[in-house]
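The values are calculated or read from the model by the stated rules, or taken from the named source; none is laboratory data. Treat the numbers as computed from the prediction; the structure is a model and nothing was measured. Neighbour counts run over all protein chains shown; Cβ positions are idealised from the backbone, glycine included.
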Amino acid sequence: MNRINQKLQENKKLLSIYFTAGFPKINDTVSIIESLEKSGVDFIEIGLPFSDPLADGPTIQASSTKALDNGMTTEVLFNQLKDIRKTVKIPLIIMGYFNPMMQFGIENFCKKCAEIGIDGLIIPDLPLDVYNNNYKTIFEKYGLINVFLITPQTSLERIQFIDKISDGFIYMVSSASVTGSQSAFGKTQDDYFKRIADLNLKSPQIVGFGISNAETFKQATKYAKGAIIGSAFVKYLDENGTASIQKFVNKIIN
Amino acid sequence: MSYFVDKKGYYGEFGGAFIPEMLYPNVKELEDNYLKIMQEPSFQEEFQNLLKEYVGRPTPLYFAKRLSEKYQTKIYLKREDLCHTGAHKINNTIGQILVAKKLGKTRVIAETGAGQHGVATATVCALMGIECVVYMGEIDIARQAPNVARMKMLGAKVVPALSGSRTLKDATNEAIRDWINNPVNTHYIIGSVVGPHPYPDMVARFQSVISEEIKKQLKVHENKENPDYVIACVGGGSNAAGAFYHYLEEEKVNLIAVEAAGLGIHSGESAATSVLGKEGVIHGSKTLLMQSEDGQITEPYSISAGLDYPGIGPLHAHLYRTKRAEFISITDAEAMSAGLELCELEGIIPAIESAHALAVFNMKKFKESDVVVLNLSGRGDKDLDTYVKYFKL
């Protein structure tokens, strides 16, 4: 069984952390992953930086620009991760935009992921139908889970379809926004979280976008299986460096 | 071979809608409704009326006698430069603002590079009394001050794009982010034949009035609807899409798309996407785009702010791949002198974008009997500063 699905069976609310590979420094990737695991994070999203990240707000965009300036590329990232499974056991997901993967070659990219021990991919601008028609068999061949997103605007019919074709979890975008733009959740979000929970989907939901602290993590996971923190962590790294990652995580889950 | 969009939103292998799930409902709503709305008699009546009374259409198809004498061929200029606001851009914004109204949208956003599309959007928003926000790269705001002032006078809010390279592609990113943040009440008026399906098709249809008129006007001038050549410049490609549209399946009409070579195709400072680009995904569309080995989108360069987009519309990528259109690259220097030549021979100051198309006459020999239609997409008022500096006038 894929590490993601094993993790989803654990009887607890899951915390996932996103970071941009190559930020703040080009060679921070492995130490950030190891520190996050040691701090008790349940799974990790490794951001492959892109010049034009449409779904991201200013924090993640700025970290991506910096990472690219630092020299991060798909090739460099794969090299950094080649021995990661010697030390890290929790699920690892690569989150990135479609163009850099397309240039690397989708089959080649998936093959590399499988060799390294990556468990899944999140590609916000790869549409569902293109994935189904062109890439699904490749992902499956290499044992990779493709994670789909839903938003408060996603129709019921489409949610049910996404649930049907999802293996692993559904990435539930908390509100109509790009990453990093929320400071608190209100009744609108709570209603939306409950509405989705009441659908009793087969795929667990992990909430992302707008989760920044213990309070928003608790709100997001009231119904959902877990939540993902991205921009708030990237901002923390920017301000505090990589030395005190444990402190950031403790504030969320203790 | 079809050159029109297929049911799935593709031109051959190019096009599609590579958008995040957050944009799916917005784009789907547009996809489900745009053709229906455009076919409604009430829409057509209002659209045609505004094109005539407000934009000033039909624009003349002018026989350029002295230019023709110089190049020993028959040259007609399609005078899109005479449109209200100074370029073809308004054909599309008039169409899209009416679509937005039919969809019940109360707020409009747009991206702009040189500011022409921003001005055309701000204009129609003022006309309809709709809130308008235009995203523009911080660097473009500094170098296109008159157009920023125009947009403000027209009541639009101009928001600087501070991310990435702070030019057109980043303004487009910011507009897309705004749309993600405001999915219900907002319509995004894209200014070129780029972006996710149905935008390239919708914008091409609104611009197709250009070739529709050329056909009728040429019939009067030459007693035939089809010229031997149609020439247009391509940044994203909206004026070329409009000028080519009704000739796409007339294979005897040669289509020439003119790209900006900047300081030279291989100088590192160029916007010649068809030569330098590779297949990839930009702003929701699979097309040819300028990028690094690693798939990072690179910043193009041209003296013309309307041509420095790192991609081309998927229709044009398809025309390039299938060789339906011939692509020619023109440097800054070639375009500038062709622009000045038109001033001197015909008394018309062209936009620097259109001057790129004019420079083709120095690159390619036409027969004396050839009928060549060149789409003069915009006027040069906005470029005076660049002309003045370049020629030290």
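Tabulated data for the structure shown
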read-out: Scope region A:175-199; condition without any contact (Cβ under 8 Å) to a residue 60 or more places away in the chain, touching a Gly at 6+ places or on another chain (Cβ under 9 Å) and surrounded by 12 or more Cβ atoms within 10 Å (Cβ to Cβ); matching residues; value: A:Ser175, A:Gln182, A:Phe185, A:Gln189
read-out: Qualifying residue in region A:2-15 (condition: free of Cβ contacts under 8 Å to residues at least 60 places away in the same chain and among the hydrophobic types (A, V, I, L, M, F, W, C)); value: no
read-out: Residues of region A:179-211 satisfying the condition of being among the hydroxyl-bearing types (Ser, Thr, Tyr) and at pLDDT 95 or above; value: A:Tyr192, A:Ser203
read-out: Region B:133-147, residues that are modelled with pLDDT of 95 or more and either of a type in the set (A, V, I, L, M, F, W, C) or more than 23 Å from A:Asp56 (Cβ to Cβ) (or both); value: B:Val133, B:Val134, B:Met136
read-out: Single residue of region A:124-146 satisfying the filter (over 17 Å from A:Ala55 (Cα atoms) and assigned to a loop (DSSP other than H, G, I, E, B)) that is farthest from the other protein chains (Cβ to nearest Cβ); value: A:Gly143
read-out: Selection count where residues are in contact with a Cys (Cβ under 8 Å, 6 or more places away or on another chain) and within 11 Å of another protein chain (Cβ to nearest Cβ), scope region B:248-303; value: 0
read-out: Residues being touching a residue at least 12 places away in the same chain (Cβ under 8 Å) and either outside any helix (DSSP H, G or I) or crowded, with 21+ Cβ neighbours inside 10 Å (or both) - total across region B:24-33; value: 3
read-out: Enumeration of residues in region B:215-238 that are in a helix (DSSP H, G or I) and either touching a strand residue (DSSP E or B) at 6+ places or on another chain (Cβ under 7 Å) or over 27 Å from B:Asn33 (Cα atoms) (or both); value: B:Lys215, B:Lys216, B:Gln217, B:Leu218, B:Lys219, B:Val220, B:His221, B:Glu222
read-out: Among the residues listed as B:Ala156, B:Ala161, B:Ala149, the single one being closer than 22 Å to B:Ala271 by Cα and of a type in the set (Gly, Ala, Ser); value: B:Ala161
read-out: Residue match in region A:109-125 (condition: of a type outside the set (Lys, Arg), over 24 Å from A:Ile32 (Cα atoms), touching a strand residue (DSSP E or B) at 6+ places or on another chain (Cβ under 8 Å) and at pLDDT 95 or above); value: yes
read-out: Filter result (touching a residue at least 40 places away in the same chain (Cβ under 8 Å) and within 14 Å of chain B (Cβ to nearest Cβ)) within region A:102-123; value: A:Ile122
read-out: All positions within region B:163-191 that are more than 8 Å from chain A (Cβ to nearest Cβ) and aliphatic (A, V, I, L, M); value: B:Leu168, B:Ala171, B:Ala175, B:Ile189, B:Ile190
read-out: Filter result for the condition that a residue is in a loop (DSSP other than H, G, I, E, B) and either among the small types (Gly, Ala, Ser) or at pLDDT 95 or above (or both), over B:Glu212, B:Glu249, B:Glu259; value: B:Glu249
read-out: So A:Lys202, is it under 27 Å from A:Leu144 (Cβ atoms) and surrounded by fewer than 19 Cβ atoms within 10 Å (Cβ to Cβ); value: yes
read-out: Residues that are of a type in the set (A, V, I, L, M), surrounded by fewer than 24 Cβ atoms within 10 Å (Cβ to Cβ) and within 16 Å of B:Phe391 (Cβ to Cβ), drawn from region B:312-337; value: B:Ala333, B:Met336
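For (1) of a type outside the set (Asp, Glu); (2) surrounded by fewer than 22 Cβ atoms within 10 Å (Cβ to Cβ); (3) within 30 Å of B:Lys323 (Cα to Cα), each residue gets a yes or a no:
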position	(1), (2), (3)
B:Met22	yes, no, no
B:Pro60	yes, yes, yes
B:Ser68	yes, yes, yes
B:Ala100	yes, no, no
B:Thr106	yes, yes, no
